[in-house]
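Notes follow the structure.
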Amino acid sequence: MTSIGGVEMVDWKLAVTTASRLARPGPEITREEAREVVAELRGHAVAAEEHVRAFTGMTTAAGHDTPVLVVDRPGWIEANVAGFRSLLKPLMTKMRARRGNGPGGMIAGAVGGKVTGVELGVLLSFLSSRVLGQYETFAPATRELPGAPDGGGRLLLVAPNIVHVERELGVDPHDFRLWVCLHEETHRTQFTAVPWLRDHLEAEIQAFLAETDVDAGTLLERLSDAVQAFTGGRRGESAEPSATGTATDTATATAPEAEPGARSGAHAPEQDIDGRSLVDLVQTPAQREILARVTAVMSLLEGHADYVMDGVGPQIVPSVVEIREKFQRRRAAGANRLDQILRRLLGLDAKLRQYRDGERFVRAVVEEVGMEGFNRVWTSPNTLPTPAEITHPAEWIARVHRGPEA
């Protein structure tokens, strides 16, 4: 990222170092067992691709294939920092310009960049033990973490977290690993079979960032609130992982919502978060409209992945009923109060609603017009469900299948 006077608004290298240092160690496993897990996940990813294609009727467009990488927690951290750095570049440039080129601005930028790097690192360390898999849509390729030839796209499978959850649930590890790969491979298929989808989402996100009118101090304050909830809580109560899941962006299953204003630990934030996430606290009306559209698309993607996973699973995963039941029970059991505060601040508690609303949408549409009829959703941005349609599938069917242009 180009910086003014060599100063960046976020010290990205420090974010990686901090997160990697604070990340919890993975489950105990021998070197031989680790090699076997990695090899099996790679094999399952290949098998899952064929099953997903057969079930959905979607195929990878020429020249749009993306790699599958099995990573550990530090590898996931490094990949996500690279993605954030690329995606947030326009916003960082805008905020840096507002701060100015004078000595005071440069000094403040240097200090702020270090602080923000540490804050971001703490949050990523929290998330790094909760992600099973993630399709990185905006992933710049590096030597260590290859991506798609056009500069974006790769599937990450976080091996230690998958092992941790399969042990915690007490399920067949081979079945569980394939089950996870089915969900994540569906996300990979969505973006490789629908090339315009990545550009559409990036345009929406950049439009959201362009509307941002907040100074670096305010953004840093919000980030600090979340970190204080995390670090304060760790002194007073356990912060062990209590819910893990899969998603396209930053994946984590969700717990019941925290009570408004809930506190945890001696250094929890003093302000009443009142159910609002960090994103909510800096939104303009235009941003809320953009975010509603993006949320509808993300609900579609998550719900589609869950629908495909449930549709394919019984055919190839012998213990899928047990896995699904235990995993859903784990989601519903919720997290401790510390987790709930941080999830609310980061907006992660909306993830469960995305799974729920999206899966209901996909199921209702497929039941009415079949898989081929559902796949019209991938025709263009105009055929994506609107925020209203994602919860009212009949309205989408009426517009896309029975409207004047159908």
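The values are calculated or read from the model by the stated rules, or taken from the named source; none is laboratory data. Predicted, not measured: the structure shown is a model, and the values here were computed from it. Cβ atoms come from the backbone with ideal geometry, glycine included; neighbour counts cover every protein chain shown. Accessible surface is based on the protein model in full, side chains and every heavy atom, while ligands, DNA and RNA are left aside. Shrake-Rupley method; radii C 1.70, N 1.55, O 1.52, S 1.80 Å.
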So Arg42 clears everything in (1) over 15 Å from Leu178 (Cβ atoms); (2) at pLDDT 95 or above except one condition, right? Which one? (1)
Which residues, taken from the stretch 35-45, are surrounded by fewer than 16 Cβ atoms within 10 Å (Cβ to Cβ) and either in contact (Cβ under 8 Å) with a residue 12 or more places away in the chain or in contact with an Asp or Glu (Cβ under 8 Å, 6 or more places away or on another chain) (or both)? Val38, Arg42
Looking at the stretch 371-385, which of the residues that are among the β-branched types (Val, Ile, Thr) and surrounded by 14 or more Cβ atoms within 10 Å (Cβ to Cβ) is nearest to Ser299 (Cα to Cα)? Val377
With respect to Pro195, is the statement that it is in contact with a strand residue (DSSP E or B) (Cβ under 9 Å, 6 or more places away or on another chain) and at pLDDT 60 or above true? no
Quick check on my filter: what residues within the stretch 119-167 are without any contact (Cβ under 8 Å) to a residue 24 or more places away in the chain, assigned to a helix (DSSP H, G or I) and out of contact with any Pro (no Cβ under 6 Å at 6 or more places or on another chain)? none
Check on Thr186, open to solvent by less than 40 Å² (accessible area, probe 1.4 Å), at pLDDT 95 or above and among the hydroxyl-bearing types (Ser, Thr, Tyr): yes
Would the stretch 76-85 turn up any residue that is open to solvent by less than 70 Å² (accessible area, probe 1.4 Å), touching a residue at least 12 places away in the same chain (Cβ under 8 Å), under 27 Å from Pro314 (Cα atoms) and not aliphatic (A, V, I, L, M)? no
Search the stretch 43-99 for residues being among the polar types (S, T, N, Q) and assigned to a helix (DSSP H, G or I), and hand back the single one that is farthest from Phe208 (Cα to Cα). Thr56
